[in-house]
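Structure first, commentary second.
Only the coordinates and a few stated rules stand behind these numbers; no lab work does. As the structure is a prediction and not an experimental result, all values here were calculated from the model. Backbone-built Cβ (ideal geometry, glycine too); neighbour counts: all protein chains shown.
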Amino acid sequence: MKMLGLSKKDTTFLLIVIALTLLTPILLQPFPASSTLAQFNAGYPDLMQRFAIFGIFAIGFNILFGLTGYLSFGHAAFLGVGSYSVVWMYKLLGYNVVPGLILAIIVSALFALLIGFVSLRRSGIYFSILTLAFAQMCYNLAYSVLTPLTNGETGLQVYTNDAQVLMGENSPTSPHFFGIVMNESATWNVGGWQFVFNNGYYFTAIIAILVFYLSLRIFRSPFGLMLRAIKTNQTRLNYTGINTRPYTLAAFVISGMYAGLAGGLMASMDPLAGAERMQWTASGEVVLMVILGGAGTLMGPILGAGFIKYFENIFSKINDQVLHGWFAFLPDGLENFLIGVSHFFVGKSWHLTLGLLFMLVVIFLPGGLVEGGQRIANAFRKRKSGGDDAETEAQPSAAE
Amino acid sequence: MDAIILQILNGLDKGSAYALIALGLTLIFGTLGVVNFAHGALFMIGAFVAVTLQRILSLSYEQIDPEKTDFLGNPLKVQVPYVDSWFGADVGAWLIDWSVPIAIVMAIPVMLLVGFIMERGLIKHFYKRPHADQILVTFGLAIVLQELVKYFFGANPIQTGAPDAFAGSMDFGSLLGFPPNSIMYPYWRLVYFLFAAIVIGGVFAFLQFTTFGMVVRAGMADRETVGLLGINIDKRFTLMFGLAAAVAGVAGVMYTPILAPNYHMGMDFLVLSFVVVVVGGMGSLPGAVAAGFLLGILQSFASMNEIKSLIPGIDQVIIYLVAIIILLTRPRGLMGRAGVMEE
């Protein structure tokens, strides 16, 4: 079974991804609404939209970092630019998201072209610092001089006296896609379960599938091979007479467009844009996602984005009451001790968990979750085939 | 003219902080070849050492004061710091007042310890890994340290005052023959600049005039040869990491009266200090110091109203603009050695 220019394996892979994405509202809602475990459900629109949006962001970042090895610390700038573009289109034309998203992609591509053209003259840590410098410049400017464009600290939003020339009599008054309103959902109650099918989620999810397909094609194309060659040994490529700059620049612009699209989608779900989206910690976050999932792999960025956003949501919700519920079976002293320890990691301190996890992944599992999964799978496979060396090989990864 | 002098003075204290952090960063890079994104966190930890010491000194117990009564005529309970009752009221008050400078004494061993633990426990394993990995793991560490501080001290800035003796401002203008009150400069900022100058001078003297420093400089120039001569260069480099951590720490301690410490101050300073290091030249100590002061002063000039009205927004971006221009025209930085990290 081959389709869309993909090999058989990739087609299956893509179909699985499509199925998982479309069934997300059901899959992420494994516990009945009334059960105590319902807090681990993730099937509500806001969170699912973030999965898809940050998935797109991470997929794009992976095309640059995963394939070429250039570590950009400034991708949040494109995210912000995308958001601002979309909100400006709301203000000028109306709440249809399509013109905004197109503008977001174009504007972020222009920004990426400019920043990439300058930054890619250097590599390694200098590239990281140049991109960081550009992103911080954008952030600072958005807060200060560009206030007429960005509305400064308040954030850009739509006011009633905005032009909105394409707004008809019956047009929805919130972001929509040709009449399909983003924040409307259909709810389906089965037994104790409640499944929410949100228009916004499906809109972002379908876009996410499209851009995932695109990245799959890039990975398998000669262009993707060239990018990987740059990561492996750029000097050798230069000596064979290949000018690598156009390739890296193309990768940079593509990943910038992905980021712009993600930023635009954020504003499509919630018609707001603020400068804090451009801060360098936001750039750090996407780096975390890609590394955690596995840089240079297809599935890694999506896994990483989902993982971080899920645990961000769940961990920050856990409070004393929940902890008491969990540890109630223990003797009082031990219970309080465990709750005290857990305080470091849950609730508002969830970033601590994230930082630790990130360090552990970089130290022990540079390939991220995907590599971890592969190691486990390999260990099992070897054990089945009965080799004794499987034990010795599996051990270090378990001990680490 | 007085406006220009004022801007130079204003740039000095920020420049001092940049220079001190950048000095440590570039020292670590020059010796260990490690890009340390957690260096800003060390600066922040130093600042919170000062906060902690002030809290410890201010620990107090309740005592009934027989001479005072509240408005109902009952004996009044007053808070008496332990230090007051141990050393007498005068010495106790003095200790609390001078807690920030005293914190330096506490910060140096604490920061050395933190530095050693960090180097032996984590950084050591990253010598051979690519720079990207070093950046990432120290970035993770910075998040962890920052969140730990946030957990214990809360998210809000904590005001930590300078000793009363340095509370006012100095009329710098009248010294130079300008009319009085034309150039006012807070005493503490002057203290900070002098302090930074002493620390920087101390580090340079240590590297220049001691045998230990000579070995370290030799190691920076050619690690392998020094190793072949039978010198345990790794041990010395670890000590240098501790020294860099201590420099960042005391820089943070002394900065608390200028900027109320909060948990993300490290990150804020880190980005700028990195830019400073790159402008000065990776691994160049004089470059880091010169670029620190240069960028601090440039930044305060750019925030003059005359210049801001000429080029709007320049005060926000000047440092980054300088960094971009330097990186594109002279990638080794102002004073970097040719061939070091120049790709």
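Figures for the structure shown
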{"item": "Two-site FRET efficiency, B:Ile311 against B:Ala93, from Cβ-Cβ distance with R₀ of 60 Å, rounded to 0.05", "result": "0.75"}
{"item": "Shielding by partners - mean other protein chain Cβ count within 10 Å, residues of A:135-143", "result": "4"}
{"item": "Alpha-carbon centroids, the range B:59-128 and the range B:252-273: separation in whole Å", "result": "21 Å"}
{"item": "Ranked by how many other beta carbons lie within 10 Å on average, peptides B:68-78, A:89-99 from highest", "result": "A:89-99, B:68-78"}
{"item": "17 Å cut-off, amide nitrogen to a point 7 angstrom out along A:Ile102 Cα→Cβ, residues in the range A:156-173", "result": "A:165-167"}
{"item": "Among A:Pro301, A:Gly355, A:Val97 the positive-end extreme of the charge dipole of chain A (Cβ point charges)", "result": "A:Pro301"}
{"item": "Residues whose placed amide H lies under 5 Å from that of B:Ser169, excluding near-sequence neighbours", "result": "B:Tyr187"}
{"item": "Relative pair counts by distance (%), Cα atoms of the range A:12-317, 10 Å bins", "result": "7, 27, 33, 23, 9, 2, 0"}
{"item": "For B:145-155, mean number of other protein chain Cβ atoms within 10 Å", "result": "3"}
{"item": "Lys, Arg +1 and Asp, Glu -1 on Cβ, resulting dipole of chain A about Cα centre, debye, nearest 20", "result": "1520 debye"}
{"item": "Extreme residue, positive dipole direction of the range A:12-317, given options A:Phe57, A:Phe195, A:Gly168 (C-beta unit charges)", "result": "A:Phe57"}
{"item": "Helix-only mean residue ellipticity at 222 nm for the protein assembly as shown, each DSSP H run of n ≥ 4 adding -39500 (n - 2.57), per residue, nearest 500", "result": "-22500 deg cm²/dmol"}
{"item": "Chain A, relative contact order [Cα under 8 Å, separation at least 6], %", "result": "26 percent"}
{"item": "Cα gyration tensor shape of chain B, rounded if a/c is under 1.5, else prolate or oblate by comparing a/b with b/c", "result": "oblate"}
{"item": "Selected from B:Met184, B:Pro130, B:Leu112, residue furthest toward positive end of dipole (the range B:102-234; charges at beta carbon)", "result": "B:Pro130"}
{"item": "Extension gain, A:His324 back to A:Asn189 (0.36 nm per residue minus Cα-Cα distance, nm)", "result": "45.6 nm"}
{"item": "Distance cut-off 20 Å, percentage of C-alpha pairs in the range A:228-330 lying past it", "result": "61 percent"}
{"item": "Highest-fluctuation residue, A:Gln29, A:Gln136, A:Gln321 considered, GNM on chain A with Cα pairs under 10 Å", "result": "A:Gln321"}
{"item": "Straight-distance crosslink candidates among lysines, where the alpha carbon sits under 25 Å from B:Lys77 and sequence neighbours closer than 8 are dropped", "result": "B:Lys68"}
{"item": "Cα gyration tensor category, rounded, prolate or oblate, for the range B:228-343 with a/c compared to 1.5", "result": "oblate"}
{"item": "Within a Gaussian network of chain A (alpha carbon springs, distance under 10 Å), most fluctuating of A:Asn183, A:Asn151, A:Asn378", "result": "A:Asn378"}
{"item": "Spacing of the two label points (7 Å from each Cα toward its C-beta) at A:Arg383 and B:Ala155, in nm", "result": "4.4 nm"}
{"item": "Simple spin-label estimate for B:Val78 and A:Leu360 in nanometres, 7 Å along Cα-Cβ", "result": "5.3 nm"}
{"item": "Other protein chain Cβ atoms within 10 Å, averaged over every residue that makes up B:324-337", "result": "2"}
{"item": "Cα gyration tensor, the protein assembly as shown - rounded (a/c under 1.5), prolate or oblate", "result": "rounded"}
{"item": "DSSP H segments from chain B that extend 30 Å or more along their own axis, Cα-based, with Kyte-Doolittle mean of 1.0 or above", "result": "B:2-32, B:99-121, B:131-153, B:187-209, B:233-255"}
{"item": "Burial ranking of peptide ranges B:211-220, B:225-234 (average Cβ count within 10 Å, highest at the top)", "result": "B:211-220, B:225-234"}
